[in-house]
Amino acid sequence: MLLHYLKLAYRNNLRDKSTFFINLVGLSTGLACALLIALWVADELKVDKFHEHQGRLYQAMTHHSNENEVLTGEETQGLLAAALQADFPEVELAVQTGITIPQPFILSVGTKKIKTYGNLVDSAFFQLFSYEVVAGDKTTFLKDKQSIVISEKLAKKIAGQSSPIGQTIDWEIIHFKGLATVTGVFKVPENSSQQFDFLLPFQVYQEMSGEGIHWGNFNAITYVLLNEHADVAALNKRLPAYIQEKADWDKISLFLAPYTDKYLYGSYENGKQAGGRIEYVRLFSIIAFFILLIACINFMNLSTAKSTRKLKAIGVRKTVGANRQMLIGQHLIESIFIAFIALFVALFLVYFLLPSFNILTGKQLLLAFNTKMIAGLLGITLLTGFFAGSYPAFYVSSFQPVQVLKGTIKGGTNVVWIRKSLVVFQFALSIILMVSVLVVYQQIQFIQNKNLGYDKENVLTFPKEGLAAQNTSNFISQLKNIPGIINASSTNHPFLVNSGAFTTGISWEGKNPNEEIRFANLNVYYDFIETLGVTLKEGRDFSKEFGAEADKIIINETAAKIMGLSNPIGAMAHLWGEDVTIIGVVKDFHHQSLHAPIAPTFFRFEEDRLVSMIARIEKGQEQAVLSQLQSFYQKNNPGYAFDYTFLDSSFDAQYKSEAIVGKLSLYFAILAILISCLGLFGLVSFSAQQRRKEIGIRRVLGASIMSIVQMLSLDFTKMVFLAIVLALPISYFIVQKWLAGFAQYYLAII
């Protein structure tokens, strides 16, 4: 019987090639989109899921409360890990790492210098996290302060095919230097949220921090492994009082969050978990479902319309003994048959599109046919075929043979309304996708063109290293002598990379002693404000003409407003135990993502502990200046590669996720519209065939081609218009929720 049904399906599709082609293109495109999205979603969901103790692995997080909101961060005190392990029996193991340093380390082996990124961690790091050990004993990793463990990729750069174990490496960052021996080699998988090329002992970080490791300073990240019987909820109730007792701050609270949730659920709003990348996973899962649904609706509509041609054949089959179950089975087999053909076409499309898709998403997805993958493909295809063919099958099988053979059934009013409703529904889905994509695109354009309060164009940033690390003043003086460089300065971290650069250690006359306000702080060199193009509203910049500037600060407008200073110039503040004088106020500017509101900010003068150089280049002289800087580096910093970025590129990189989402959504929305239009084209063609006698009579009577086109398209135009009316309010609420994640956005009406 199954073979018979397949033969009938083949003959029916061969007889009506146009409908078969439209159904095949729609279903194969929908399945290809769904498969691409499924590969991306599966890759997102498996990030950090490779750790052996993932169910018991947690990260310590802090809530900082102020008058208006609760801010959540991952920075903790450098003493917290040891204290938690000592004071809580539920904590089986606790380790800490330094805050991720955005500056690359320079590793030297002989004359070879390699710039790469790493971290400083406790010796028990590899007991907590299950990174693959390629060489060495993980139980003794980093026990020695002069040890270092490196990635397999870095090991090949250093030692080639030889073993790097026991090899000596000189490391350097800013004005810190050290010597370490390789004791192990590890491998970091692609699905790890932490990516690093080497690890140094945490004792080195403590030495680099000087007196900075104490309960009042949040300069470490803490991870804990709970025992199997630990009650996390009960533990989280005890931690706020515990940390407030240690730090003596009643505005700080501590809690533990599952480590494997960090990647997907890393966003917090006012102290509550508020999504993160999981929103993108949900978004694209919905898009995949909608595109597949639109393709299935096309199949339903065309199959139902086509079935009116076969009413007499169905009547005859029922008369000679075919029951309803047999007719339903025949139509479902036919639709599943087309779905499997569409699957093979979809796999062919995915195979050729996957390299481009990987470039767009920045991933390394593979079409691997394992048992799970094959089962998933078969399941989706069967469901798609069953769903797409279900309504036509039950609709056709419901006809009474007597009515069919007498010709009293012509398709039915109800089925026409259902068909029209499905067309409206699929176009509404497509329009929702398109409107949402346009809003995402406009928001990205708004971000890229918004006045940020500084001029990000033609600003070059590069690490402070070599000669620059030894003498900032001399290095900047030489930079300014290069033709095409308008001005140059330095700061304590790469601009726009502000991790951990906040403090509550500032007070002033009239400040509420029970209120803790987080200030962003930037340590800068002379001419930083002028080089960046920030507007000085009142007062002055740091200058050599005024002698020592270490006890002076410059604040932004938001800080002046929060501090309640109507005349801030000359006002005194108390910063980290020292009195400082406000000498200037700058207009507000965005030195963070536009997702966040402008924070109260102050600049503090610094000369030595700076990590990033910044130079403004004359417009049109970029290539000439870069060429001279390359020569300058070769002469003054032999062995150091000149790595640089332009500030506008760094700014755009903050919105990489949004840009990827925008592009992917655009492509998928266009495909959804095309699939819908393809189905509409099929229905219009079918309608034209049904009414060809009427069209012939109208043409004989003098009707123009345009009037015939209007007659055929009027009903479908009404359906599309109704879809627009229904889709726009829904689109409004969807984009409103997405734009709420930005402090400033393009659509003022939202």
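Does at least one position in the stretch 545-556 carry a residue that is open to solvent by 40 Å² or more (accessible area, probe 1.4 Å), in contact with a Ser or Thr (Cβ under 8 Å, 6 or more places away or on another chain) and farther than 26 Å from Val611 by Cα?
There is no residue in the stretch 545-556 that is open to solvent by 40 Å² or more (accessible area, probe 1.4 Å), in contact with a Ser or Thr (Cβ under 8 Å, 6 or more places away or on another chain) and farther than 26 Å from Val611 by Cα.
In the stretch 42-63, how many are in a loop (DSSP other than H, G, I, E, B) and either surrounded by 19 or more Cβ atoms within 10 Å (Cβ to Cβ) or of a type outside the set (A, V, I, L, M) (or both)?
Number of matching residues: 7.
Keeping to the stretch 183-206, report how many residues are of a type outside the set (S, T, N, Q), surrounded by 13 or more Cβ atoms within 10 Å (Cβ to Cβ) and either assigned to a loop (DSSP other than H, G, I, E, B) or out of contact with any strand residue (DSSP E or B) (no Cβ under 6 Å at 6 or more places or on another chain) (or both).
Total satisfying the criteria: 5.
So Ala596 fits all but one of (1) over 29 Å from Asn270 (Cα atoms); (2) at pLDDT below 90; (3) part of a loop (DSSP other than H, G, I, E, B); what number is the exception?
Result: Ala596 fails condition (1) only.
Restricting to the stretch 137-155, give me the number of residues that are of a type in the set (Asp, Glu), within 16 Å of Trp171 (Cβ to Cβ) and not in a loop (DSSP other than H, G, I, E, B). Walk me through it before giving the result.
Residues of the stretch 137-155 of a type in the set (Asp, Glu): 137, 144, 152.
In the following step, the residues that additionally are within 16 Å of Trp171 (Cβ to Cβ) were identified as 144.
From the residues that got through so far, the ones that are not in a loop (DSSP other than H, G, I, E, B) too are none.
Matching residues across the stretch 137-155 total 0.
What tally of residues in the stretch 611-640 results from selecting those that are closer than 30 Å to Lys112 by Cα and either loosely packed, with under 15 Cβ neighbours inside 10 Å or modelled with pLDDT of 80 or more (or both)?
Residues in the stretch 611-640 being closer than 30 Å to Lys112 by Cα and either loosely packed, with under 15 Cβ neighbours inside 10 Å or modelled with pLDDT of 80 or more (or both): 20 in total.
Examine the stretch 257-270 for a residue that is touching a helix residue (DSSP H, G or I) at 6+ places or on another chain (Cβ under 9 Å), surrounded by 17 or more Cβ atoms within 10 Å (Cβ to Cβ), assigned to a helix (DSSP H, G or I) and at negative phi, and state whether such a residue exists.
Checking the stretch 257-270: at least one residue is touching a helix residue (DSSP H, G or I) at 6+ places or on another chain (Cβ under 9 Å), surrounded by 17 or more Cβ atoms within 10 Å (Cβ to Cβ), assigned to a helix (DSSP H, G or I) and at negative phi.
Pick from the stretch 360-391 the residues that are over 19 Å from Ala288 (Cα atoms) and touching a Leu at 6+ places or on another chain (Cβ under 9 Å): which of them is modelled with the highest pLDDT?
So, considering only residues that are over 19 Å from Ala288 (Cα atoms) and touching a Leu at 6+ places or on another chain (Cβ under 9 Å), the one modelled with the highest pLDDT is Phe369.
Looking at the stretch 247-301 only, could you name the residues that are under 30 Å from Ser390 (Cβ atoms) and touching a Pro at 6+ places or on another chain (Cβ under 7 Å)? Full working, then the answer.
Going through the stretch 247-301, the residues under 30 Å from Ser390 (Cβ atoms) turn out to be 281-301.
Within the stretch 247-301, just Met300 meets the criteria.
Any idea which residue in the stretch 46-71 is farthest from Pro513 (Cα to Cα), counting only those that are among the hydrophobic types (A, V, I, L, M, F, W, C) and in contact with a helix residue (DSSP H, G or I) (Cβ under 7 Å, 6 or more places away or on another chain)?
Per the criteria, the residue is Leu57.
Which residues, counting only those in the stretch 550-589, are touching a helix residue (DSSP H, G or I) at 6+ places or on another chain (Cβ under 9 Å) and of a type outside the set (A, V, I, L, M)?
If the condition is that a residue be touching a helix residue (DSSP H, G or I) at 6+ places or on another chain (Cβ under 9 Å) and of a type outside the set (A, V, I, L, M), then Lys552, Ser566, Pro568, Gly584, Lys587, Asp588, Phe589 are the ones that fit.
Scan the stretch 553-593 for residues that are under 39 Å from the mean Cα position of the chain (by Cα) and of a type in the set (D, E, K, R) and jot them down.
Those that are under 39 Å from the mean Cα position of the chain (by Cα) and of a type in the set (D, E, K, R): Glu557, Lys561, Lys587, Asp588.
Pairs only if they're at least six apart or on different chains, beta carbon under 9 angstrom, first in the stretch 102-120 and assigned to a loop (DSSP other than H, G, I, E, B), second modelled with pLDDT under 85 and among the β-branched types (Val, Ile, Thr); list them, first residue then second.
Pro102/Val497; Pro102/Val611; Gln103/Ile173; Gln103/Ile174; Gln103/Val611; Pro104/Ile173; Tyr117/Thr100; Tyr117/Ile101
Name the single residue that is modelled with the lowest pLDDT among those in the stretch 10-58 being of a type in the set (A, V, I, L, M) and over 21 Å from Ile287 (Cβ atoms).
Leu14
Can you go through Ser649, Ser631, Ser612, Ser627 and tell me which one is touching a residue at least 12 places away in the same chain (Cβ under 8 Å) and either touching a helix residue (DSSP H, G or I) at 6+ places or on another chain (Cβ under 8 Å) or of a type outside the set (Val, Ile, Thr) (or both)?
It is Ser612.
In the stretch 336-372, what residues are out of contact with any helix residue (DSSP H, G or I) (no Cβ under 9 Å at 6 or more places or on another chain) and part of a helix (DSSP H, G or I)?
Tyr351, Phe352, Pro355, Ser356, Asn358, Ile359, Thr371, Lys372
Would you please list the contacts, defined by Cβ atoms under 7 Å and residues six or more apart or on different chains, that run from a residue in the stretch 357-377 that is of a type in the set (Lys, Arg) to a residue that is surrounded by 10 or more Cβ atoms within 10 Å (Cβ to Cβ) and in a loop (DSSP other than H, G, I, E, B)?
none
For the structure I just gave you, tell me whether Phe528 is under 11 Å from Phe603 (Cβ atoms) and either of a type in the set (Phe, Trp, Tyr) or open to solvent by 10 Å² or more (accessible area, probe 1.4 Å) (or both).
Working: under 11 Å from Phe603 (Cβ atoms): yes; either of a type in the set (Phe, Trp, Tyr) or open to solvent by 10 Å² or more (accessible area, probe 1.4 Å) (or both): yes.
So Phe528 passes the test.
For the stretch 74-102, how many residues are polar (S, T, N, Q) and open to solvent by 10 Å² or more (accessible area, probe 1.4 Å)?
Here the count works out to 3.
Take the residues in the stretch 239-256 that are farther than 21 Å from Val95 by Cβ and assigned to a helix (DSSP H, G or I); name whichever of them is most open to solvent (accessible area, probe 1.4 Å).
Taking the candidates together, the pick is Glu245.
Can you name the residue in the stretch 132-170 that is without any contact (Cβ under 8 Å) to a residue 60 or more places away in the chain and among the acidic types (Asp, Glu) and, of all such residues, is most open to solvent (accessible area, probe 1.4 Å)?
Glu132
Taking the condition of being modelled with pLDDT of 90 or more and either among the β-branched types (Val, Ile, Thr) or touching a helix residue (DSSP H, G or I) at 6+ places or on another chain (Cβ under 9 Å) (or both), how many residues in the stretch 147-163 meet it?
Here the count works out to 3.
Yes or no: Lys112 open to solvent by 30 Å² or more (accessible area, probe 1.4 Å), farther than 20 Å from Asp48 by Cβ and not acidic (Asp, Glu)?
yes
Surrounded by 17 or more Cβ atoms within 10 Å (Cβ to Cβ), within 16 Å of Leu39 (Cβ to Cβ) and at pLDDT 85 or above: does that describe Phe357?
On the way: surrounded by 17 or more Cβ atoms within 10 Å (Cβ to Cβ): yes; within 16 Å of Leu39 (Cβ to Cβ): yes; at pLDDT 85 or above: yes.
In short, yes.
The values are calculated or read from the model by the stated rules, or taken from the named source; none is laboratory data. Fair warning: this is a prediction, and the values are worked out from it, not measured in the lab. With ideal geometry, Cβ positions are generated from the backbone for all residues, glycine too; neighbour counts draw on all protein chains shown. For the accessible areas, the whole protein counts, side chains as well, though only heavy atoms, and no ligand, DNA or RNA atoms are used. Shrake-Rupley method; radii C 1.70, N 1.55, O 1.52, S 1.80 Å.
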